[in-house]
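Below: the structure, in structure tokens.
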Amino acid sequence: LEGQQFSTTTKLKGQLLTYLADAFGEEAGPANNISFGYRTRLSFISSFSGRDRLLVRLQGINLRRLDTATEFSEGSLSGATNETRFLRSGISGDGDVRLQALSYRFPVGDKLTVSVNPFTNSGILTERIGPFANPTKGAITYFGATHPTLNPISLQSGATAQWDVNPWLNLDFSIGSERGASNNPAIGLFDGGYAASVRSVFDFDALRFSLTYIHFYSLSGADTRSGSNAARISGAGPVVGSAYVSGIAYEVSPKFRLGASAGLISARSLGEGTKGDARVMDYRFFFAFPDLGQKGNLGGIVLGMQPRLTDTSNPLLAQAIGFPDGQRNDRDTGFHIEAFYTHYLNDNIAITPGIVWLTAPNHDARNSDVIMGVIRTSFTF
């Protein structure tokens, strides 16, 4: 591929991620065995003017989440949680290759870039301020890699614009329709779930910070694909709400960076007989060690609290979400502690051993702690 020209207008890029993983704990140990899963992507990137970009990405995946095997909260909220997800990508794939992304990005003048996304919509064009979002060398879990509140619902199609206001400020604007709606004639672009966002990124060389606001409406809840089962606010009918995310990163030296981010979801259930308000919060701190051991390597530590349902306004809403009588929020606070080290064997292959400690899984201290051991290997070309 490197020796032969693939196309005069199109570049082919490939990525394969494999995960060798197991979970340990009083409940999680017997529920899990050593597993090996993968995600593979082929991206076709075309440009017709030199400034635009057409992206067509194919994906095959068979990854599953490790089972936290929680017993509490009881009933529908017990069992496996999304606290163990490696990627935001789905966890029910069978390896079949499917379209994962289709988008066309083009400039409008010197300061505005527009992206039209018929399939898979992201509200982020400006580079993320944290160093762990790269799936080949960053954190080994979804929560460690990026702030999950940036995605309160899953979008399928939409549009995004990036405004380069000045050298130290970028603004991203986006609007999109909920997954499974835009291509359904019975629902369409404007009669289902949606999300609209604005994101500001301030860049002062060593110091960077961002502020994000997202307004959303979903037919099924507010699922960030992380945190406790109750934090999805599912089972109470359609949900409308707002999400707020702030983040900061500081480069102490070329080989040490640190930062933090926090998120809040304020949502209102519109279900018949279950109308009410709910709040979900999360936060995380990160410490990054670029070029640790050799140039290109990355060591990292993530400490934080995955999304936790902190309040519901009435018992009917709490019961619809799945809480037992008398409980209105996640009972306790669990913490996510993650450490990893990415070592490049050559320009195309990297290996990342990592360990994750989940205290009080499902934000309930009655559940035993879970320890995850993971070895990720990435192949890129």
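The values are calculated or read from the model by the stated rules, or taken from the named source; none is laboratory data. The shown structure was predicted, so the numbers you read here are calculated from the model rather than taken from an experiment. Note that we place each Cβ from the backbone using ideal geometry, even for glycine, and neighbour counts take in every protein chain shown. Just the protein is used for accessible areas: all its heavy atoms, side chains included, with ligands, DNA and RNA removed. Shrake-Rupley method; radii C 1.70, N 1.55, O 1.52, S 1.80 Å.
List of remarks:
- A P(r) calculated from all alpha carbon pairs of region 28-115, with 10 Å bins opening at zero, reads 14, 30, 23, 18, 11, 4 percent.
- Residue-wise HN-Hα coupling along region 157-165, computed from phi with Karplus coefficients 6.51, -1.76, 1.60 (Hz; x: Gly, Pro): 8, x, 8, 9, 10, 10, 10, 7, 5
- Accessible area, probe 1.4 Å, largest first, for residues Glu83, Glu127, Glu71, Glu27: Glu127, Glu71, Glu27, Glu83
- Approximate spin-label separation Ala31-Asp332, in nm, with each point projected 7 Å along Cα-to-Cβ: 1.5
- Ligands, DNA and RNA aside, Trp168 has an accessible area near 110 Å² when probed at 1.4 Å.
- With all protein chains in place and ligands, DNA and RNA left out, the 1.4 Å accessible area ranks Arg279, Arg208 as Arg279, Arg208, largest first.
- Here the 3J(HN,Hα) profile of region 50-67, calculated from phi with Karplus coefficients 6.51, -1.76 and 1.60 at θ = phi - 60°, is x, 10, 9, 8, 9, 10, 10, 10, 9, 9, x, 8, 9, 5, 10, 7, 6, 8 Hz, Gly and Pro shown as x.
- Spacing of the two label points (7 Å from each Cα toward its C-beta) at Asp291 and Asn184, in nm: 5.1
- Paramagnetic reach from Ala159 in region 86-114 [backbone N under 16 Å; point 7 Å along Cα→Cβ]: 103-109, 112-114
- Counting lysine pairs in the chain whose alpha carbons fall under 26 angstrom apart, excluding pairs fewer than 8 residues apart on the same chain, gives 7.
- Asp291 exposes around 50 Å² of accessible area when a 1.4 Å probe is run over every protein chain in place.
- Under the simplified labelling scheme, the Phe106-Thr380 pair shows an inter-label distance of 2.9 nm, with each label point 7 Å from Cα along Cα→Cβ.
- A Förster distance of 22 Å, applied to the separation of the beta-carbon atoms of Leu20 and Asn134, puts the FRET efficiency at 0.65.
- Theoretical FRET efficiency, 1/(1+(r/R0)^6), r = Cβ-Cβ of Asp94 and Asn348, R0 22 Å, to 0.05: 0.25
- Estimated from the Cβ-Cβ distance and a Förster radius of 22 angstrom, the FRET efficiency linking Leu258 and Phe173 is about 0.15.
- Neighbour net charge for Phe335 - beta-carbon separation under 12 angstrom, K R +1, D E -1: -3
- Cα coordinate range in region 135-270, projected on the principal axes (Å, largest first): 53, 34, 29
- Value of Rg to Rh for region 23-79 (Rh from inverse mean 1/r over Cα pairs, i.e. Kirkwood): 1.33
- Within region 261-290, backbone nitrogen closer than 16 Å to the virtual label 7 Å beyond the Cα of Ser242 toward Cβ: 263-269, 277-281
- Computed over the chain: relative contact order in percent, which uses C-alpha pairs under 8 Å that are six or more apart: 15
- With the convex hull drawn over the C-alpha atoms of region 181-333, the volume per residue is 135 Å³.
- Whole-Hz Karplus values for region 332-337 come out as 9, 10, x, 10, 10, 10 Hz, taken residue by residue from phi with 6.51 cos²θ - 1.76 cosθ + 1.60 and θ = phi - 60°; glycine and proline positions read x.
- Pairwise alpha-carbon distances in the chain exceed 36 Å for 21% of all pairs.
- All other residues whose Cβ lies under 9 angstrom from that of Gln15 are scored, Lys and Arg at +1 and Asp and Glu at -1, for a net of +3.
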